[in-house]
1. Do we have Arg148 as under 43 Å from the mean Cα position of the chain (by Cα) and exposed (fewer than 15 other Cβ atoms within 10 Å of the Cβ) here?
2. For segment 127-142, which positions are loosely packed, with under 14 Cβ neighbours inside 10 Å and touching an Asp or Glu at 6+ places or on another chain (Cβ under 9 Å)?
3. Does Gly203 qualify as being open to solvent by less than 20 Å² (accessible area, probe 1.4 Å), under 33 Å from the mean Cα position of the chain (by Cα), farther than 30 Å from Pro336 by Cα and in contact (Cβ under 8 Å) with a residue 12 or more places away in the chain?
4. Residues in segment 370-390 that are in a loop (DSSP other than H, G, I, E, B) and out of contact with any Lys or Arg (no Cβ under 9 Å at 6 or more places or on another chain): how many?
5. So which residues in segment 257-295 are crowded, with 20+ Cβ neighbours inside 10 Å, assigned to a helix (DSSP H, G or I) and free of Cβ contacts under 8 Å to residues at least 40 places away in the same chain, if there are any at all?
6. Let me confirm something: among Ala114, Ala157, Ala68, which residue is at pLDDT below 90 and small (Gly, Ala, Ser)?
7. Restricted to segment 296-312, and to residues that are out of contact with any helix residue (DSSP H, G or I) (no Cβ under 8 Å at 6 or more places or on another chain) and closer than 21 Å to Thr201 by Cα, which residue is surrounded by the most Cβ atoms within 10 Å (Cβ to Cβ)?
8. Pick out the one residue from Ala157, Ala102, Ala132 that is without any contact (Cβ under 8 Å) to a residue 24 or more places away in the chain and of a type in the set (Gly, Ala, Ser).
Amino acid sequence: MTESGNFSSPKNPSQENYVKGLEYRETLYRRVLESTQEGFVLGDEDCVIKDVNDALCRMTGFTAGELAGKYMWEIYDDQTQSCIAPQHPEMRMSRDRRFEGALLKKGGGTIPVAVHGNILTDDLGRVLGNGAFIVDLTKQKEAEDLLRQSLEQRDHALRRLNDELAAAAKYVRSVLPEPFSDRGVAAKWKFLPAETLGGDTFGYQWLDDDHFAMYLLDVSGHGVGPALLSVSVVNMIRSGTLPDTDFQEPAQVLESLNKAFPGEKHDFMFFTMWYGVYNRKTRELKYSSGGHPPALFMEHIPGQPPRAKNLSVKNIILGAREDASFSQESTILENPGCLYIFSDGAFEITQPDGAFWGMEGFCHYMETQACANPEALDALVSHVTELTGSDRLGDDLTIIEAKLGLPGA
């Protein structure tokens with residue numbers, strides 16, 4: 001009996017603490033579920049929905065009362081249901097099940113979601129129910145769609161760019177001369193750009209019945225800009241449209257080109273060049289160069305190895321200074337031989353072991369091929385590929401072979 005005289009049952013501290021513990025866990029459970037941005041659905045052991053959190057209601061537009069009593073798979077679209085409905089008990093009752101699907105929205109439509117479900121058990125391992133966290137993937141899917149569209153647009157742009165580069169490369173090759181043999185001169189070439197478009201271009205042509213011009217230029221860089229500049233230069237030479245220029249005088253040609261293509265007006269692209277004119281009657285070869293590797297003339301004397309003659313003139317690179325002057329040299333080719341005009345990609349080669357081939361190695365190799373090997377240019381390309389250990393070159397490789405003073409001139 002209490003002091004007031006009333007009878008009551010004595011309190012059980014253990015039972016009271018247990019009840020408080022349950023209340024605390026229930027409150028904590030609800031706080032956790034309502035603080036998360038992920039949807040949550042709780043079902044019994046038969047997957048009948050008993051509880052959902054507010055986040056899931058916001059996702060779907062359904063109230064907790066409208067969702068209660070449904071099977072857990074009924075809140076998804078038909079395609080998702082076909083994967084997780086009772087006919088797939090291994091999915092429904094498996095632990096740590098994960099899948100992506102589409103959650104139904106009130107009034108129609110679906111939401112892309114990722115689901116992480118699990119079986120809920122007591123301390124003895126008995127199944128109490130099923131729970132699942134549901135993540136809205138709408139923003140992720142939108143980002144994926146944007147990324148996919150961006151990649152498709154990029155791929156389209158790359159295909160278009162490659163098509164344009166291929167067309168530009170075809171045009172560049174269209175201005176290159178055909179191999180030929182005429183009036184005691186035979187000429188052919190090899191042109192291997194490091195990229196789809198390179199900065200090397202070249203040409204040769206008869207200026208009149210007796211004078212044969214040969215030229216090769218190398219614009220700094222690779223790609224569309226250098227390729228178009230090099231083609232523009234060659235077209236001016238081919239068409240003879242350089243004003244006040246005698247194309248039989250190499251120094252005049254370089255001076256005129258230097259004025260016509262100043263680097264500051266062409267995106268600071270400069271170019272090197274070798275230009276020569278051979279007179280088939282007098283056997284005189286006039287030549288000039290601006291920052292370009294020397295041409296090599298391999299004189300052919302029957303019974304003797306070819307002797308290399310270095311043909312170079314020290315002039316400034318073209319486009320660097322508009323008021324630059326250029327000088328030229330001349331030589332008499334007493335005997336027939338092979339003239340090689342080339343870009344620096346023919347000899348500036350670093351081998352896999354770090355050794356540098358260089359001009360000396362190139363000259364020595366060409367002396368073994370010139371005149372004696374009718375396929376000297378093919379042999380050179382094979383040798384360079386062997387030296388580099390790759391078909392991909394670090395720089396454009398361009399070389400012209402002009403056989404001068406042939407019988408019948």
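The values are calculated or read from the model by the stated rules, or taken from the named source; none is laboratory data. Source: prediction; values computed, not measured. Cβ placement follows ideal geometry from the backbone for every residue including glycine, while neighbour counts extend to all protein chains displayed. Heavy atoms of the whole protein, side chains included, go into the accessibility calculation; ligands, DNA and RNA do not. Shrake-Rupley method; radii C 1.70, N 1.55, O 1.52, S 1.80 Å.
1. Details: under 43 Å from the mean Cα position of the chain (by Cα): yes; exposed (fewer than 15 other Cβ atoms within 10 Å of the Cβ): yes.
Judged against the criteria, Arg148 is a match.
2. Hits for segment 127-142 are Val127, Leu128.
3. So Gly203 does not fit the description; no.
4. 7
5. If the condition is that a residue be crowded, with 20+ Cβ neighbours inside 10 Å, assigned to a helix (DSSP H, G or I) and free of Cβ contacts under 8 Å to residues at least 40 places away in the same chain, then no residue fits.
6. After ruling out the rest, the residue left standing is Ala157.
7. Of everything passing the filter in segment 296-312, Phe297 is surrounded by the most Cβ atoms within 10 Å (Cβ to Cβ).
8. Numbers: Ala102 fails: without any contact (Cβ under 8 Å) to a residue 24 or more places away in the chain; Ala132 fails: without any contact (Cβ under 8 Å) to a residue 24 or more places away in the chain.
Sole residue among the options that is without any contact (Cβ under 8 Å) to a residue 24 or more places away in the chain and of a type in the set (Gly, Ala, Ser): Ala157.
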